[in-house]
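Here the structure comes first, spelled out in structure tokens, and everything after it is commentary.
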């Protein structure tokens, strides 16, 4: 790697390390992601730029843009039937969606060989979705994402369109999906710890 590329990568890595450190201190990094992201931050040739460990949520949509969506409830852990019933009983005005989302992780790499290492770890951990999304001098960015997801509408315009019992029953699928997602994340971390430096 040329010296100017090393310099650029070093600057980008320091900036992301500061952002990650601040988010960690403020409790904004998902608990399940903290060991993995802290390890990556401590390596020489890699950094994390954004991450989510996976979650179950009730998302209220009030428009077609991301900024029009609000978390009515969000859990980074399995959810009880009582918690879900309580959340569904609360008043909402937009469209409410039940969603289970997998982890997503963006990793910056000093060069192509680093990005290839990340993709090798991904493959060995059984993660099916991932690839290089930025390829520039001094910065390669890899996105990794789980596949354990489900979503469906439960309210439209504040009115229930799915029976509460059906939504609660969906937890019997959603909770194991989330647990499987966390198991996959743990395998990914294990592969990173073996292969990255």
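Bear in mind that the values in this text are calculations on the coordinates, not laboratory data. None of these values were measured; they are calculated from a predicted model.
Compute the separation of the alpha-carbon centres of region 39-98 and region 1-35 and state it in Å as a whole number.
Here the two parts' Cα centres lie 23 Å apart.
Over the chain, what is the relative contact order in whole percent, taking alpha-carbon pairs under 8 Å and six or more residues apart?
After rounding, I find 24 percent.
Computed from the mean reciprocal separation of all distinct C-alpha pairs, what Kirkwood hydrodynamic radius does region 1-111 have, in Å?
16.4
Pull out a ≥ b ≥ c, the square roots of the eigenvalues of the alpha-carbon gyration tensor of region 47-97, then state rounded if a/c is under 1.5, prolate if not and a/b is larger than b/c, and oblate in the remaining case.
Oblate.
Say we join alpha carbon atoms closer than 10 Å with springs in a Gaussian network model of the chain; which of 28, 13, 99 then has the biggest fluctuation?
Sorting by GNM fluctuation, first place goes to 28.
Where does the chain land at 222 nm, in deg cm²/dmol rounded to the nearest 500, when only DSSP H runs of n ≥ 4 count, each adding -39500 (n - 2.57), divided by all residues?
Rounded to the nearest 500, the figure is -14500 deg cm²/dmol.
Could you check which residue among 165, 146, 54 shows the biggest mean-square fluctuation in a GNM of the chain with a 10 Å Cα cutoff?
165
Two decimals is fine: what's Rg over Rh for region 3-195, C-alpha atoms, Kirkwood radius as Rh?
For region 3-195, the value is 1.04.
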